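Undergrad: My questions will all concern the structure given below.
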Amino acid sequence: MFNKKLGIIDLSKNKITIKQTPESLKWLFLGGRGLNSYYLYKMIKPGIDPFSPNNVLIFGSGFLTGTLVPNSSRFNVSSKSPETGILGDANCGGYFAAELRYAGFDRLIILGKAKKPSYLYVNDGKIEINDARDYWGMDTTEIQKNLKKNLGGVEAAVCGVAGENLVRFACVRTGVKNAAGRCGLGAVMGSKNLKAIAARGTKGIEISHPEEMLEVVEQLKDYIMNSKITSILGSVGTPLLYEVSNTLGAIRTKNSQLNAWSDSLNADVIETFVEKMISCSSCIVHCRHRNKLNGEGPEYTALGLLGANLGIDDPAQVIELNNICNELGLDISSSGTILAWAFELYENGIINKEITGEDLHFGDFELAKRLLYKISRREAFGDILAESTRNIKRFGEKSKDYLIAVKGLPQSDPHDCRYIKAFALGIATSSRGADHLRSRPTLEIFLNLPKEIKERIYGRGIPNDPTSYVAKEKTVYFSDNIFAAIDSLGICKFICHGFNSPHFVDYTWMKKLIHSASGWDFNEKDILEVGKRIIDIERMFNNREGISKKDDTLPKRYFDDPMSLKIAKGHHIDREEFNNLLLRYYKLRGWTNDGQVKNDRVKELEALM
Amino acid sequence: MKYLYVYPEKCTGCRECSIACSLSKFGECNPKKAAITVVRDEFNRYEFPIVCFQCEDPVCLKFCHQNAYHIKDGVTIRDEDKCIGCRLCAVLCPYNAVTTIDDEIIKCDLCDGDPKCVKYCSTGAIQYLDVTDELEKRRKKMAERFLEISKK
């Protein structure tokens, strides 16, 4: 379990150092997101420019990544985000992370900036910095195909043209569609002249108790496979959620001017475009659609943000926009949010043709497609849009009122958070900005779930009413903690307790899996503490960059404009209720009323490190 | 007699079969150190599990100059004590079903009737079934198709 190394690559000095990650650190943070966040806090000085060589870029696999543990494919890419200027972190599946471990490494920390386009080749314990001039300018598929051809069966994490051109929401991609999508980490690759990391390895992951792992996984597999939600996710994938949100009237539509959209993007329609459902490494859910339009996807996020949010209802067009974002290496969530923002600003006359160079309007597939290409190459108006939420400065203060973002990060979830209050608190407090994968208590959406089940998971006093503010800090607190733990183990959230199901991998399962792999006797509380530690250290990073209560807020529209359609009609977020909810959340976390990690806790954590 | 039958159309490429095989045989998780290999390429859009067919007239057995292979109850078994590690079997197997890595030669022995690959497959892409005429026809067709592909 501990035969994998830490590689530190200084691109400025062309220097490679190979180390062992101290076991004491793994006890504190496990791996993946947790250890990445630790290193960011430790290594990045506050106030640096994310595009400067001083920024640090980390690719870290989870504690259990690449093992027999179901859905253990994941890794995190972390850095200071060029989109937000705070903690940047994105979790990703596929086959790259498992291969990185088979190649002998848990984690790569990349420093400095290469003098010329470069890529890293990681092969059975060795790391090389190689010339990537021939690969520069290639889209994400082309470069991966070429790396496979030239190096043999490698798995690669790459940036696309968007990353090369420092688009502030460029993603890191592996395979046809797996992305470390959020926070512009592909642009950090570009800023370091790093086009790709290719890994290939034949070294296995040593397991402390093989028989025990075989047994625990057999039980866990049966448990997961027997759930109804598993077979639904395995046959239709995340598009399932589109209909659920749309029925409620909670699909962000045309920059949240509306809250419901066409049934033409429902899962049963999307299914007709699916050739085969496929998996990430070790995955037993297989939610990836290999589509008939030569790509993979769409996920629910693409349906919402490249469909409803842009006013497009033709599923084939949405899938094509999805495939284009994947090829160019653009984050779908930010792309769909920023385009919709610009469209509404243009319609309202807040920006005009002098800036945009052409008419902007919703529902125009060709326009959206053209703009995605322009953004990736930073051409004309695309060069402006590539600056993402920083355009508030250019477009004027008024433009901020129409922006669906928190802490400079466009909202990822196509779900309009005015109805379900816990979702709103989640995106307001997430450590990377408006994002649902940090803490979304998805179970809130299942209106018929018995109160006892929610109380058993989240604690007492949770009303079975998603529109109530009462005790919702507990649902976010629980989800924040357990998602941080599962991200650090390298297991997909899809089988995490409380994400899609009231069952699945909880702290007891985690304890068993950790023991079988490493022989370590963690108990449930120890793993919970890992999660809490991660949330705190991420907050410490953000506090140091100036983040406080004033930033834990929501798009203005969520407060001031009641929703207009369906069940959610009339709902909005009440400022006072939200403020009280936020304060209760801080109290639960032990933060100050201004959202700062308390000095004692900072000292305690720094002493542990 | 029961054999492994593969259904590539159901294979999602996850490699739990290979990882379970390596874990049970070697105590490590390593899809490349397994008697079953999933050949996959998401860019060219295929997933295909490669298993030992337990041939009636196995090349691995026929050409082994140490007589390290024998057939027991329809399963071709490699005797580790006789094997000198020359890898001829791996080179000659027309289906690439004998794996070599780290000085190991890995040949499927059907886990004494409880194949781990089948147990950990979540889609039924690998099944352990009693021989029927129909299944045998399918298995032979699969082998022929595989040979055709490997000639290309």
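Undergrad: Where a Cα-Cα gap under 15 Å defines reach, which aspartates and glutamates qualify for A:Lys203, not counting those fewer than 8 residues away within the same chain?
TA: A:Glu99, A:Asp106, A:Asp124, A:Glu155, B:Glu28, B:Asp102, B:Asp103, B:Glu104
Undergrad: Given the pairs A:Lys532/B:Lys32; A:Lys26/A:Lys276; A:Lys19/B:Lys33, which span a C-alpha to C-alpha distance of over 28 angstrom in this model?
TA: Going by Cα-Cα distance, A:Lys532/B:Lys32; A:Lys26/A:Lys276 fall outside the 28 Å limit.
Undergrad: Something else now. From the helices alone, meaning DSSP H stretches of at least four residues, give me the mean residue ellipticity at 222 nm for chain A, per-run term -39500 (n - 2.57), in deg cm²/dmol to the nearest 500.
TA: -11500 deg cm²/dmol
Undergrad: Mind listing the long-range amide H neighbours of A:Lys276? Cut-off is under 5 Å, sequence gap 5 or more, other chains count too, H placed in the peptide plane at 1.01 Å from N.
TA: Those qualifying (amide H under 5 Å, at least 5 residues apart or on another chain) are A:Arg290.
Undergrad: With a ≥ b ≥ c taken as the square roots of the eigenvalues of the C-alpha gyration tensor of the protein assembly as shown, please select rounded if a/c is under 1.5 and otherwise prolate if a/b is larger than b/c or oblate if it is not?
TA: Note, shape of the protein assembly as shown comes out prolate.
Undergrad: While we're here: With a cut-off of 14 Å, note down the residues of region A:516-558 whose backbone N falls inside the zone around a label point 7 Å from the Cα of A:Gln219 toward its beta carbon.
TA: What the label zone holds, given the 14 Å backbone N cut-off, is A:516-517.
Undergrad: Just how far, in whole angstrom, is region A:235-288 from region A:555-596 if you go by their alpha carbon centroids?
TA: Computed from Cα coordinates, the inter-centre distance equals 27 Å.
Undergrad: Further, regarding this structure: For a Förster distance of 60 Å, can you work out the FRET efficiency between the beta-carbons of A:Asn130 and A:Glu212, rounded to the nearest 0.05?
TA: Plugging the Cβ-Cβ distance into 1/(1 + (r/R0)^6) gives 0.90.
Undergrad: Does chain B classify as rounded, prolate or oblate by the C-alpha gyration tensor (a ≥ b ≥ c root eigenvalues; a/c under 1.5 gives rounded; else a/b over b/c gives prolate, otherwise oblate)?
TA: Cα axes put chain B in the rounded bin.
Undergrad: Report, in whole Å, the centroid distance computed from the Cα atoms of region A:462-505 and region B:12-34.
TA: 31 Å
Undergrad: For A:Lys512, go through the aspartates and glutamates and keep the ones whose alpha-carbon is under 16 Å away, minus same-chain ones fewer than eight residues off.
TA: Qualifying aspartates and glutamates at Cα under 16 Å: A:Glu211, A:Glu212, A:Glu215, A:Glu218, A:Asp222, A:Asp521, A:Glu524, A:Asp526.
Undergrad: While we're here: Give the aspartates and glutamates whose C-alpha is closer than 19 Å to that of B:Lys62, dropping any in the same chain fewer than 8 places away, or say none.
TA: B:Asp73, B:Asp79, B:Glu80, B:Asp81, B:Asp109
Bear in mind these aren't lab numbers, they're just calculated from the coordinates by the rules spelled out. All of these numbers come straight from a predicted model, not from anything done at the bench. Methodologically, a virtual Cβ is constructed for each residue, glycine included, from the backbone with ideal geometry; neighbour enumeration extends over all protein chains shown.
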